[in-house]
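Have a look at the structure below before the remarks.
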Amino acid sequence: MAKSAQKETPLNKQYNQIKAKYPGALLLFRVGDFYETFGEDAIRASKILGIVLTRRNNGGAHEELAGFPHHSLDNYLPKLVRAGERVAICDQLEDPAAAKGIVKRGVTELVTPGVSYNDNVLDIRKNNYLAAVHFGKEDQLGLSLLDISTGEFMAAQGNAAYVDKMLQSFSPSEVLFCKKNKQEFLQLFGDKFHTFQLEDWCFGDDFAHEKLTSHFQTTTLKGFGIDTLPLGIVAAGVIIHYLLETEHRQIGHVSRITRLEEEKYVWLDRFTIRNLELVYPQQEGGVPLIQILDQTVTPMGARLLRKWVVLPLKEKMPVEERLNTVELFLENEELHESLTHHLKQIGDLERLISKVAVRRISPRELGQLKKSLQQLTPVKAMLSAPPTGESAAGKTSSGVLRKYADQLNTCSYLLEKIDTELRDDAPVAIHQGGMIKSGVDAELDELHGIAFAGKDYLLKLQNRETEKTGIPSLKIAFNKVFGYYLEVTNAHKNKVPVDWIRKQTLVNAERYITPELKEYEEKILNAEDKIFAIELRIFNDLVTAATEYVGAIQQNARIVSVLDTLSSFATIARKNNYVKPIITEGKELDIKDGRHPVIEQQLPLGESYVPNDLFLDNESQQIIIITGPNMAGKSALLRQTALIVLMAQMGCYVPAREATIGLVDKVFTRVGASDNLSRGESTFMVEMTETASILNNLSDRSLVLMDEIGRGTSTYDGVSIAWAIAEYLHTHPSFRAKTLFATHYHELNQLAEDFPRIKNFNVAVKESDNKIIFLRKLKPGGSEHSFGIHVAQIAGMPQLIVLRASEIMQHLEKDHVTENKAQKVKDLPKNNFQLSIFEPADPRLEELKEKLSILDVNTLSPIEALLKLNELKKMIS
Ligand SMILES: Nc1ncnc2c1ncn2[C@@H]1O[C@H](COP(=O)(O)OP(=O)(O)OP(=O)(O)O)[C@@H](O)[C@H]1O
């Protein structure tokens, strides 16, 4: 509408004023029964929603227009928000019929990807976080996260790597930062987030302090334990400010802010979260760990599990507490089953109570809240009764269960109130009655009587008139415009008495009213108006009563989420035959018959996963070099070791026969560059910088996984770098990080001779008839040679090429790696068969010759050589 400035109508003017207040937002402008969009907004909306884009002449200029009926908002809004739009909903703020002049309009809500209560926008099993990042001085950043739909609010502070990790762990739907830091933000965190930039002044210390203390109505932030996070506070202040800016003023359920404690959780660098596929698969169709672990039956449990998976603990006590509870559930199958049965019936308590706090709860949802709360009484009772577990852990855990029980508030007063007042079949809409039970309010009951009697009278009237007039199809109906009327089909029109007043003519019927009908209509409508008003009042009182319980119900939701997650761990342990790990403060990892929790679930029917033992410590076996051919199972072994450790520290049983886990504080993962080729991160440089970052952050409790490191360069460079890294990890002056080093370079097996804590293992394969059989068993000792050529053979490479490759390799391997390699290549035995496959005149011969002559064999890794061979083969086929 902005284009027609000269001929601005009052509606144009109103639109432009509102539009200007919400820059960057797509404005849904309510006109009558429609939400309309104009200009650029219309173009975007029509594209995202697939609705018709029209053009109209607006004061000489053409303007785009697209709209949809107001009742479709719930359908269309989520689509816009998911597409990353910020949507300003502009409603009519007064009854158009009563308006003098143009209807008053205003934005009632600005829905953004990170700020939404709409069930259609939200994923029930995931949190929907809004994040704010504040760039402080010297590599320090503040971070705050809020899920407005649950009220969870957190602050943190740390360096860029930490904030990056947190952003990856919580994957917020929207990230706020200061305009001036745009470049920095993109550089550090990429462009994968929906972002919104705010002005510099929103990022002030005092501003944030004031915003937070006035929101929480406290004088200091000490009570929340965040007062030592000045940058985190600024970020949190920005979030509160943003909520107000987006017209979210009722946020009483955001009743506390917690500190995200870096020191409490295992440090997982972002490569580890990605590489171990904890919550997201690396490739489409892949299965992340969470999918295996998630047997939760409540939305709160599902959301908590996501957090536990990316934030494993590193202190013994809380880990053991979780494990002991899981054990108790396993020992008391009946208790576990009955708990699961009740948990299943608890809806989304957490989001329901948020809706109460912001007064957006529908009558039907209040009914759901009641049903959820009803489950707490039996849950509390079963957790308070002493379980029958025999184990020592069971006995101590029963105390833990009681602790959960004690924290559950059955909210009996509220429960009873809702139960007596709210009808079980309460509707979604609040303005049309049908919400409140009889017996709650005498006047309401009386009015219901009147309305009912009136309707009953009308029914009698219809029967009487049918008989009197002889019109068999006569019926009394109601619509908003004419109220009650008598409808007569055209066939019987001539039988209508003269004193009936005709109101409307349809294609095949006529509608009439009579004074008697109108008299009763008034009685009924009057009664109904009053009924709706009284019901609304009682419903609102009920919601007000529920707001008193926001804190208690949020606490219930937290306890339920913990119980559900632990119960899920028990279910999965029973189902997949996991064992309870022994958690120690020592530095040993001792896994007997460990398995990969995801791969073992995906093997074809009849195949079973080959379990493996693995031992690492800081004294005798700190670094294991694992050699073996492609596809042998090296990566699987590396990942399963980390997954077992992390699962244990989440408080989950593990896929092994036995496992002793000396608590790990950091897990680092590096995968050789060629694995990342598809993501365009192939540069060897990247790999090396990332590896350097590991080496600078080691600790005595770190677990390092190096998978094919160094393969992004030529064999000799690769071997040398991998060699140097292993050596460094072994000789580090302060820390002995436990390391698994998977490699094709069997040359690295030499290391074990010089370094006492480096041990060689290989994933066994059997060669039979020149073929490889994968045994998947980890065995002590190194490998004799590489197997790339065998793999090429399995892949169907022509025999001639395979033979020649073997010949070249034997020659290269004859002596030590440090020998003059250029000379060795020169000395390669002549190929007797290579050219015989061509006719002398074949033009491909020249091309092939040329390609071969420019090939620098010195810089090729075995894999690259194979790829090259493959390319050459394609050329001639
Ligand atoms: N212990 C095991 N039992 C059964 N199957 C296994 C086992 N380990 C691995 N596998 C299967 O073998 C496949 C290849 O394993 P993995 O990727 O770990 O090999 P790799 O040695 O790392 O190979 P590459 O060097 O090519 O990366 C896995 O996808 C899995 O299906």
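Of the residues 579, 645, which is closer than 14 Å to residue 326 by Cβ, away from the ligand (no atom under 12 Å from the Cβ), aliphatic (A, V, I, L, M) and at pLDDT 95 or above? Outline the logic, then answer.
Values: 645 fails: closer than 14 Å to residue 326 by Cβ.
Unique residue meeting the criteria: 579.
Out of 122, 80, report the one residue that is under 28 Å from residue 8 (Cβ atoms) and not acidic (Asp, Glu).
Details: 122 fails: under 28 Å from residue 8 (Cβ atoms).
Step by step, each of 122, 80 is checked, and only 80 is under 28 Å from residue 8 (Cβ atoms) and not acidic (Asp, Glu).
The number of residues in region 36-63 being part of a strand (DSSP E or B), surrounded by 18 or more Cβ atoms within 10 Å (Cβ to Cβ) and at pLDDT 90 or above comes to 3. Please work out if residue 569 is aromatic (Phe, Trp, Tyr) and either more than 30 Å from residue 258 (Cα to Cα) or in the same structural domain as residue 642 (by TED's automatic domain parsing) (or both). Criteria not met by residue 569. The test for being surrounded by fewer than 18 Cβ atoms within 10 Å (Cβ to Cβ) and either free of Cβ contacts under 8 Å to residues at least 60 places away in the same chain or touching a Leu at 6+ places or on another chain (Cβ under 6 Å) (or both) does not hold for residue 315. Taking residue 251 as the residue in question, decide whether it is more than 29 Å from residue 340 (Cβ to Cβ), buried (at least 22 other Cβ atoms within 10 Å of the Cβ) and hydrophobic (A, V, I, L, M, F, W, C). Here the answer is no, as residue 251 does not meet what is asked.
Considering (1) crowded, with 16+ Cβ neighbours inside 10 Å; (2) away from the ligand (no atom under 16 Å from the Cβ), say which one residue 533 fails and leave the rest. The failed condition is (1).
What do you reckon, is residue 334 surrounded by 19 or more Cβ atoms within 10 Å (Cβ to Cβ) and either in a loop (DSSP other than H, G, I, E, B) or modelled with pLDDT under 95 (or both)? Criteria not met by residue 334.
Quickly run through region 595-606 and pick out the residues that are surrounded by fewer than 19 Cβ atoms within 10 Å (Cβ to Cβ) and more than 7 Å from the ligand (Cβ to nearest atom).
Going residue by residue through region 595-606, those that are surrounded by fewer than 19 Cβ atoms within 10 Å (Cβ to Cβ) are 599, 601-606.
Result: 601, 602, 604, 605, 606.
For residue 630, the conditions (1) of a type outside the set (Gly, Ala, Ser); (2) assigned to a loop (DSSP other than H, G, I, E, B); (3) touching a strand residue (DSSP E or B) at 6+ places or on another chain (Cβ under 8 Å) are fulfilled apart from (3).
So for region 265-272 (the condition being surrounded by fewer than 20 Cβ atoms within 10 Å (Cβ to Cβ) and either more than 21 Å from the chain's Cα centre (by Cα) or assigned to a helix (DSSP H, G or I) (or both)), does at least one residue qualify? Yes. Looking for something more than 17 Å from the chain's Cα centre (by Cα), within 26 Å of residue 601 (Cβ to Cβ) and in a helix (DSSP H, G or I) - is there at least one such residue anywhere in region 297-317? Scanning region 297-317 turns up no residue that is more than 17 Å from the chain's Cα centre (by Cα), within 26 Å of residue 601 (Cβ to Cβ) and in a helix (DSSP H, G or I). Regarding residue 251, is this residue closer than 27 Å to residue 137 by Cα and not assigned by TED's automatic domain parsing to the domain that holds residue 634? When the stated conditions are applied, residue 251 does not pass them. Regarding region 752-766, can at least one residue be identified that is within 16 Å of the ligand (Cβ to nearest atom) and charged (D, E, K, R)? Yes, there is a match, as at least one residue in region 752-766 is within 16 Å of the ligand (Cβ to nearest atom) and charged (D, E, K, R).
Does residue 551 count as within 16 Å of the ligand (Cβ to nearest atom) and among the small types (Gly, Ala, Ser)? For residue 551, the condition - within 16 Å of the ligand (Cβ to nearest atom) and among the small types (Gly, Ala, Ser) - is not met.
Given the condition more than 21 Å from residue 348 (Cβ to Cβ) and surrounded by 14 or more Cβ atoms within 10 Å (Cβ to Cβ), answer yes or no: does some residue in region 547-561 qualify? Talk me through it step by step, then tell me what you get.
The first filter runs over region 547-561 and keeps only residues more than 21 Å from residue 348 (Cβ to Cβ), leaving none.
Within region 547-561, not a single residue is more than 21 Å from residue 348 (Cβ to Cβ) and surrounded by 14 or more Cβ atoms within 10 Å (Cβ to Cβ).
Figure legend. Inter-residue proximity from region 615-639: first residues under 12 Å from residue 764 (Cα atoms) and in contact (Cβ under 8 Å) with a residue 12 or more places away in the chain, second residues assigned to a loop (DSSP other than H, G, I, E, B) and more than 13 Å from the ligand (Cβ to nearest atom), beta-carbon distance below 8 Å, spacing 6+ or different chains. Indicated pairs: 627/782.
Those strands (runs of 3 or more DSSP E) of region 131-179 in which at least 3 residues are within 15 Å of the chain's Cα centre (by Cα), considering only elements entirely within it, cover 140-147. Considering each residue of region 633-640 in turn, none proves to be in a strand (DSSP E or B), within 16 Å of the ligand (Cβ to nearest atom), out of contact with any helix residue (DSSP H, G or I) (no Cβ under 6 Å at 6 or more places or on another chain) and under 23 Å from residue 726 (Cα atoms).
Against the definition (part of a loop (DSSP other than H, G, I, E, B), closer than 28 Å to residue 172 by Cβ and not assigned by TED's automatic domain parsing to the domain that holds residue 244), how does residue 101 come out, yes or no? Even if it seems obvious, please write down each step before you answer.
Values: part of a loop (DSSP other than H, G, I, E, B): yes; closer than 28 Å to residue 172 by Cβ: no; not assigned by TED's automatic domain parsing to the domain that holds residue 244: yes.
When the stated conditions are applied, residue 101 does not pass them.
Being over 21 Å from residue 256 (Cα atoms) and either without any contact (Cβ under 8 Å) to a residue 24 or more places away in the chain or among the hydrophobic types (A, V, I, L, M, F, W, C) (or both) holds for only one residue in 352, 293, 304, and it is 293.
Take the conditions within 16 Å of the ligand (Cβ to nearest atom), out of contact with any His (no Cβ under 7 Å at 6 or more places or on another chain) and either at pLDDT below 95 or among the charged types (D, E, K, R) (or both) and apply them to residue 671. Does it pass? Can you show your working first?
Working: within 16 Å of the ligand (Cβ to nearest atom): yes; out of contact with any His (no Cβ under 7 Å at 6 or more places or on another chain): yes; either at pLDDT below 95 or among the charged types (D, E, K, R) (or both): yes.
When the stated conditions are applied, residue 671 passes them.
Applying the set (1) within 16 Å of the ligand (Cβ to nearest atom); (2) under 21 Å from residue 648 (Cβ atoms) to residue 569 leaves exactly one unmet item: (1).
Please give the number of the condition residue 502 fails out of (1) free of Cβ contacts under 8 Å to residues at least 12 places away in the same chain; (2) touching a Phe, Trp or Tyr at 6+ places or on another chain (Cβ under 6 Å); (3) within 16 Å of residue 468 (Cβ to Cβ). With (1) free of Cβ contacts under 8 Å to residues at least 12 places away in the same chain; (2) touching a Phe, Trp or Tyr at 6+ places or on another chain (Cβ under 6 Å); (3) within 16 Å of residue 468 (Cβ to Cβ) applied to residue 502, the lone miss is (3). Counting the residues of region 73-103 that are farther than 25 Å from residue 152 by Cβ and loosely packed, with under 14 Cβ neighbours inside 10 Å gives 11.
Just to verify a result, which residue in region 191-226, among those that are in contact with a Pro (Cβ under 8 Å, 6 or more places away or on another chain) and outside any helix (DSSP H, G or I), is nearest to residue 141 (Cα to Cα)? So, considering only residues that are in contact with a Pro (Cβ under 8 Å, 6 or more places away or on another chain) and outside any helix (DSSP H, G or I), the one nearest to residue 141 (Cα to Cα) is 193.
Taking region 648-660 as the range and being part of a loop (DSSP other than H, G, I, E, B), at negative phi and away from the ligand (no atom under 13 Å from the Cβ) as the test, the residues that pass are 652, 653, 657.
Mind listing just one residue for me: the one in region 607-632 that is among the aliphatic types (A, V, I, L, M) and within 11 Å of the ligand (Cβ to nearest atom) and, of those, surrounded by the fewest Cβ atoms within 10 Å (Cβ to Cβ)? Break it down stepwise before answering.
Residues of region 607-632 that are among the aliphatic types (A, V, I, L, M), as a first pass: 610, 614, 616, 623-626, 631-632.
Subset that is within 11 Å of the ligand (Cβ to nearest atom): 610, 626, 631-632.
Values: 610: 19, 626: 26, 631: 17, 632: 25.
Residue satisfying both the conditions and the ranking: 631.
The values are calculated or read from the model by the stated rules, or taken from the named source; none is laboratory data. Note that the structure is predicted; figures quoted are calculated from it, not measured. Ideal geometry is used to build each Cβ from the backbone, glycine not excepted, and the neighbour counts take in all protein chains shown.
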